[in-house]
Structure formats: structure tokens, C-alpha cells
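The values are calculated or read from the model by the stated rules, or taken from the named source; none is laboratory data. Bear in mind the structure is a predicted one, so any value in this text is a computation, not a measurement. When we count neighbours, we look across all protein chains shown, and the Cβ atoms used for this are built from the backbone with ideal geometry, even at glycine. Calculation scope for accessible area: heavy atoms of the full protein, side chains included, ligands and nucleic acids excluded. Shrake-Rupley method; radii C 1.70, N 1.55, O 1.52, S 1.80 Å.
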Amino acid sequence: MAFNMESLAEATSGAIGSLLSTTILYPLDTCKSKYQAELQVHGRAKYRNTLDVLLEAISSRQVLSLYQGLGTKNVQSFVSSFIYFYGYDFFKKLYLKKSGFKSIGTRANLIIAVVAGAFTVIITQPLDTASSRMQTSDFGKSKGFWKTLSEGTWNEAFDGLGISIILTSNPAIQYTAFDQFKQRILKKKMKSNRGVESSPESLSAFSAFVLGAVSKCFATCITYPLIRCKVMIQSAESEAEDEAELKARKTISGSLHAIWKKEGLMGFFKGLQPQILKTVLSSALLLMIKEKISKTTWVLLLAVRRYLFLTRARLKSS
């Protein structure tokens, strides 16, 4: 039972951390996504940088539109993080139990992370697609979740699924690196806990923030061209786009070709700086919050379990 409780505690604390970090950084995420989704037309672009997106929202008195799609994004972040952290922690502990090893190696850790990420993506892809379309739509013209998805076919709800599965290597690399560094740090200060229900050691907020930032920065730089393609594939349709141009960027090869043709080599890295800023801060905040609330989550889950156990015992005795 303790085995499942630990996995549940990891999933819950990770999901709460994701929810808070997503909400805090959402305006930056909206500006970044709208900038990434835009392709140059005849060598010209509406936005020179993400600051232009923010200035447009302010000048048009649509500052609150920077939060368009926040509800859908929060649901997607919470659900995906819960599934990912539960699966990751569950399969990691199962591997250690079956193999008899005291610690997990980098290769096994990476494989488990990729499998957990791919499973998560398949379940939450419609939410991800809807939130991306809502973010990249014109300010003040964003539609609700159901209306956004119902305008297209069921297949279109899974736009970018292939590239999302490939991009599971991004958090897989990040969490594998973070977990390995975390194990080395905690190994030095870990105390002997003989009780099955004792809460595990956790990193300090500063250590978790730094480790999360460094690991995410490296993973983002490696996978960025695919990240931009994903935003383009899932972005809202623009009135300025013709049908041929729209179809061209709805596939991985088509979006890569469109970027190369209109923006050249550097186009593959357009928006890299705000992407790094957003993802590094988001991931660092997520892992920092997760580490700080993991003990509290553990205690609360134990309290709930004991309450349910006592209630069941009373019902049986009566």
C-alpha cells in the first residue's frame, strides 16, 4: 500500500506544482506562442519579438486576453502532470523492485520517462491542441474549449500528436537529469528511515529551482525546432492564410519546409529565448513547488488513508 501511496503523493504534488507554475507564467506563454506561430510573409512579420505581442495587447486594451485559454491549459497541465508523475514514479519503483537494484540507471530512467510521457500525451492531446488554438487566436476572439474543438474533425483534435510524442524526449531528458542530480545530493544528507510511513527527504527550494532550470535549458535547446513546429501545427487559423499555406504547415515535414523557405536556418530557432525563459522558469517552479509540498501531500494522504481505514473498521464492527 505504501508503494502506491508514494506514487500518488508524487503525482499529486507534481500536478499541483504544474498548475501553479502554468498560472503564474501564462501571459509569457501566450506572447511566446503567438510569436512562434507567425510565419514571415514576403519577408515581413507582424511581431519582431514577444514584447510586440505584449504591446499589442496593451494598445488594444486586451490585456486580459493574455489569459485566453488559461482554464483549458490548467486542466491539461494538471491532468498531464498527474498522469506523468504517477506513471513515472510507479514504473520506477516497479523496476527497482523487480530488478533488485538499489538505484536506477540513466538508461532505464530515460526509457521509463519516455514511456510515461508518450502515454500522457496520447490522453491529453485534445486539451493541448485546444489550449494552443485559444492562445494563438486574435486577442478578444478566443473561443471556448468545446467550440474550439467542435469546429474541426476529431482527427484535428489530435493535431501534432506525432511531434508531441517525439517531444516526450524533452521532459524525459530533463527529469532524468534532475532525478540523477537529486539522488546524488540527497544521498549525502539522507537519514535512516526504518518506518514504512516516514516521509522521504526533499531538496531545498533553491536546489530544486537551480537543478530544474539547468536540466530544462539543455533539453529545450536540443528539441527547439520541433517545439516551434508543434506550435505552428496547433495554432489557430489566420484569415491571411490561404488554404495551400495552411495545409503546408499542418504536418511536421510541411512546417519544417515552410520555416526553411520563408525564414531560413535561423527561423528554426525563432522565439528560442522566450521559450527558454518560459520553460526554464516553469519547470524550475514546478519542481521547486513539488519538492516543498511533497511532504505535506504525503502527510495529508496518510491522514485520508487512516480516516478511511477507521471508517471501514467502524462499519464492519457495527
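Of everything in region 138-177 that's among the β-branched types (Val, Ile, Thr) and part of a helix (DSSP H, G or I), which residue is most open to solvent (accessible area, probe 1.4 Å)?
Start the filter on region 138-177 by keeping residues that are among the β-branched types (Val, Ile, Thr), which leaves 148, 153, 163, 165-166, 168, 173, 176.
Next cut, part of a helix (DSSP H, G or I) only: 148, 163, 165-166, 173, 176.
Values: THR148: 14, ILE163: 2, ILE165: 64, ILE166: 87, ILE173: 52, THR176: 8 Å².
Restricting to residues being among the β-branched types (Val, Ile, Thr) and part of a helix (DSSP H, G or I), the top hit is ILE166.
Listed residues THR12, THR22; which is at pLDDT 85 or above, under 23 Å from the mean Cα position of the chain (by Cα) and not aliphatic (A, V, I, L, M)?
Numbers: THR12 fails: at pLDDT 85 or above.
Going through THR12, THR22 in turn, the sole match is THR22.
What's the number of the only condition in (1) in contact with an Asp or Glu (Cβ under 8 Å, 6 or more places away or on another chain); (2) in a helix (DSSP H, G or I) that LYS34 fails to meet?
Single failed check for LYS34: (1).
Does region 271-280 include one or more residues that are open to solvent by less than 20 Å² (accessible area, probe 1.4 Å), part of a loop (DSSP other than H, G, I, E, B), within 29 Å of LEU19 (Cα to Cα) and at pLDDT 85 or above?
Scanning region 271-280 turns up at least one residue that is open to solvent by less than 20 Å² (accessible area, probe 1.4 Å), part of a loop (DSSP other than H, G, I, E, B), within 29 Å of LEU19 (Cα to Cα) and at pLDDT 85 or above.
If a residue must be of a type in the set (Gly, Ala, Ser), closer than 24 Å to CYS217 by Cα and open to solvent by 80 Å² or more (accessible area, probe 1.4 Å), how many such residues does region 250-270 contain?
Residues flagged as of a type in the set (Gly, Ala, Ser), closer than 24 Å to CYS217 by Cα and open to solvent by 80 Å² or more (accessible area, probe 1.4 Å) within region 250-270 amount to 0.
Only one residue in LEU19, LEU55 is more than 21 Å from GLU237 (Cα to Cα), touching a residue at least 60 places away in the same chain (Cβ under 8 Å) and either in a helix (DSSP H, G or I) or open to solvent by 20 Å² or more (accessible area, probe 1.4 Å) (or both), so which one is that?
On the way: LEU55 fails: touching a residue at least 60 places away in the same chain (Cβ under 8 Å).
Result of the check over LEU19, LEU55: LEU19.
Suppose we filter THR148, THR176 for residues that are of a type in the set (Val, Ile, Thr), under 16 Å from the mean Cα position of the chain (by Cα) and at pLDDT below 85; which single one remains?
Numbers: THR148 fails: under 16 Å from the mean Cα position of the chain (by Cα).
Testing whether each residue is of a type in the set (Val, Ile, Thr), under 16 Å from the mean Cα position of the chain (by Cα) and at pLDDT below 85 leaves just THR176.
Quick one: LEU167 ticks every box in (1) among the aliphatic types (A, V, I, L, M); (2) more than 16 Å from the chain's Cα centre (by Cα); (3) at pLDDT 75 or above except a single one, so which number is it?
(2)
Looking only at region 200-222, how many residues end up being buried (at least 18 other Cβ atoms within 10 Å of the Cβ) and at pLDDT 70 or above? Full working, then the answer.
Residues of region 200-222 buried (at least 18 other Cβ atoms within 10 Å of the Cβ): 202-203, 208-209, 211-213, 215-216, 219-220.
Now drop any that are not at pLDDT 70 or above, which leaves 203, 208-209, 211-213, 215-216, 219-220.
Number of matching residues: 10.
When only residues in region 22-47 that are under 30 Å from THR297 (Cβ atoms) and hydroxyl-bearing (Ser, Thr, Tyr) count, which is surrounded by the fewest Cβ atoms within 10 Å (Cβ to Cβ)?
This residue is THR23.
Among the residues of region 58-105 satisfying the criterion of being more than 25 Å from GLY271 (Cα to Cα), open to solvent by less than 30 Å² (accessible area, probe 1.4 Å) and of a type in the set (A, V, I, L, M, F, W, C), which is nearest to the chain's Cα centre (by Cα)?
Checking each candidate, the answer is PHE85.
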